[in-house]
Amino acid sequence: MEVQRKTFFASAQEAETAFYDARNRGDIEGMMAVWADEDDIVCILAGCQRASGYEAVREAWRRSFAAAHADVRIGNALVIQGALQAIHSVQETVTVAGERQPRPLLAVTNVYARGPLGWHMVLHHASPLPAAHDVGDAPKILH
């Protein structure tokens with residue numbers, strides 16, 4: 001299957017914005033327009049196996065979108081930008097309508113590469129952050 005690149009992203013930030021917009025809409029075509037077409041792309045969704053290659057990444061997102069509609073917000077961004085590669089380390093807050101318990105924050109690494117067709121994602125890796133512990137109410141122990 002030949003993939004046609006329809007979208008040129010002038011910056012890694014523009015690609016990241018398109019990624020989260022498509023994710024929040026559950027738009028698989030918009031999502032995959034952000035990804036590079038190469039076979040060496042990698043996607044690791046929280047709690048899922050690694051998907052490697054364009055078709056496997058597409059299938060991982062298809063399953064994710066079919067499971068539930070989620071609203072994803074990002075914050076606490078750290079961006080490392082080079083001439084040909086950008087690394088975005090963010091925290092995702094995922095909200096799914098109808099769920100009583102909030103989902104844990106996710107630590108996410110998004111890597112973008114610049115090529116002749118602009119900036120595109122080559123890696124998305126999401127992992128749950130450990131639950132924050134409020135030490136303010138913890139008993140104080142003196143040794």
* Ala60 vs. criteria within 22 Å of Glu92 (Cα to Cα) and aliphatic (A, V, I, L, M) -> yes
* Just checking, which of Gly53, Gly47, Gly26, Gly30 is surrounded by 15 or more Cβ atoms within 10 Å (Cβ to Cβ) and on the phi > 0 side of the Ramachandran plot? -> Gly26
* To do: Give the residues of the range 75-104 that are modelled with pLDDT of 95 or more, among the hydrophobic types (A, V, I, L, M, F, W, C) and assigned to a loop (DSSP other than H, G, I, E, B), sorted by residue number.
  => Ala83, Leu84
* Asked: Taking interchain pairs and intrachain pairs at least six residues apart, which have beta carbon atoms under 7 angstrom, with the first residue in the range 118-130 and touching a residue at least 60 places away in the same chain (Cβ under 8 Å) and in a strand (DSSP E or B) and the second among the aromatic types (Phe, Trp, Tyr) and surrounded by fewer than 17 Cβ atoms within 10 Å (Cβ to Cβ)?
  -> Gly118/Phe8
* Asked: Got a number for residues in the range 49-65 being under 23 Å from Val96 (Cα atoms) and in a helix (DSSP H, G or I)?
  -> 9
* Structure fact -> Counting only residues in the range 68-86 that are of a type in the set (Val, Ile, Thr) and in contact with a helix residue (DSSP H, G or I) (Cβ under 9 Å, 6 or more places away or on another chain), the one nearest to Ile41 (Cα to Cα) is identified as Val79
* Residue check for Glu38: in contact (Cβ under 8 Å) with a residue 12 or more places away in the chain, part of a helix (DSSP H, G or I) and within 14 Å of Met121 (Cα to Cα) -> no
* Structure fact -> Note on the range 56-74: residues at pLDDT 95 or above and loosely packed, with under 13 Cβ neighbours inside 10 Å are Arg63, Arg73
* Asked: Within the range 1-50, which residues are among the hydrophobic types (A, V, I, L, M, F, W, C), over 25 Å from Gly82 (Cβ atoms) and at pLDDT 95 or above?
  -> Ile28, Leu45
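The values are calculated or read from the model by the stated rules, or taken from the named source; none is laboratory data. Fair warning: this is a prediction, and the values are worked out from it, not measured in the lab. Note that we place each Cβ from the backbone using ideal geometry, even for glycine, and neighbour counts take in every protein chain shown.
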